[in-house]
1. Please go through the range 143-175 and give me each residue that is of a type in the set (A, V, I, L, M) and closer than 15 Å to VAL215 by Cβ, ordered by number.
2. Scan ILE170, ILE220 and give me the residue that is closer than 20 Å to LEU36 by Cβ and surrounded by fewer than 21 Cβ atoms within 10 Å (Cβ to Cβ).
3. Out of THR175, THR197, THR207, THR167, report the one residue that is of a type in the set (Ser, Thr, Tyr) and at pLDDT 95 or above.
4. Just checking, does the range 95-108 include any residue being surrounded by 17 or more Cβ atoms within 10 Å (Cβ to Cβ), in a strand (DSSP E or B) and at pLDDT 70 or above?
5. Hey, any hits in the range 67-76 for a residue that's touching a Ser or Thr at 6+ places or on another chain (Cβ under 6 Å), at pLDDT 50 or above and crowded, with 16+ Cβ neighbours inside 10 Å?
6. Does ASP122 satisfy the criteria of being under 22 Å from PHE176 (Cβ atoms) and at pLDDT 75 or above?
7. Can THR189 be described as of a type in the set (Ser, Thr, Tyr) and modelled with pLDDT under 85?
8. Taking VAL142 and the conditions (1) in contact with an Asp or Glu (Cβ under 9 Å, 6 or more places away or on another chain); (2) β-branched (Val, Ile, Thr); (3) over 21 Å from LYS97 (Cβ atoms), which numbered condition does it fall short on, given that it satisfies the others?
Amino acid sequence: MNRLTKMIIGVIAMATLSISPLMADRGDLGGPYLGLSAQVNGVAIDGSHTAKADGVGDTTDGTIGAFALVGGFEAGFAVPLGDRMALDLGASYVPGKAKLKTGTTDTVAANTDRDIVFEVKDFITYYIAPTIALSDTSALYVKYGQSEANTRTEGGYTDPGDLDGQTLAIGTKSTFASGLYIRSEAGFTEYDKLEVTGTGEGVPTTTSASADPTVGFGTITLGFQF
């Protein structure tokens, strides 16, 4: 993981996990739940674009970093494991889309003025989160998830297929006696490499590109546990 991503995760973690647990009197970690979330994403992408129209194979490398604020949903079921532990099984969905654009230094290439655009949208994570009660009012958990997103390209390049990755996070959850809860979470998702080549229709088949996306995030969720 590069330095930019580590900085993003560090800032987000301090911002989200510094929130004090709310006082409540529920003492029940189990049951189904549904929540709405606000998420700050820090995106770092290592990209490479290679064109061989002149037989040399010019390659352009670069890293892109950006922040974005998005909304999402979560739903799941917490299975009680005794009085102070639970196993949280759930899924989260973040709508919307993001775009990555790369170019080439090959001035002889037929597609010099045609950037490769990766469009990624509809982020879904299926997760498991072992949880331990810190008190009658709050709990601490660690999360592992499998993440995926729909991906396509623009500009005469092959379909890269859907994006897959792994998510790791840590967070706290505080629950009111009424069942309302607030979750504060910080983590990151490492996605698999995206690789495409030209289709031969306007872009030579010798042209290729790849991208390695990493997303650091901080999330605040307000929901209801039934």
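The values are calculated or read from the model by the stated rules, or taken from the named source; none is laboratory data. Quantities reported herein were computed from a predicted structural model and do not represent experimental measurements. Here the Cβ is made from the backbone with ideal geometry for all residues, glycine too, and neighbour counts use every protein chain on show.
1. ALA149, LEU163, LEU168, ALA169
2. When all the criteria are applied, what remains is ILE220.
3. THR167
4. yes
5. Yes.
6. no
7. Against the criterion (of a type in the set (Ser, Thr, Tyr) and modelled with pLDDT under 85), THR189 does not qualify.
8. Failed condition: (1).
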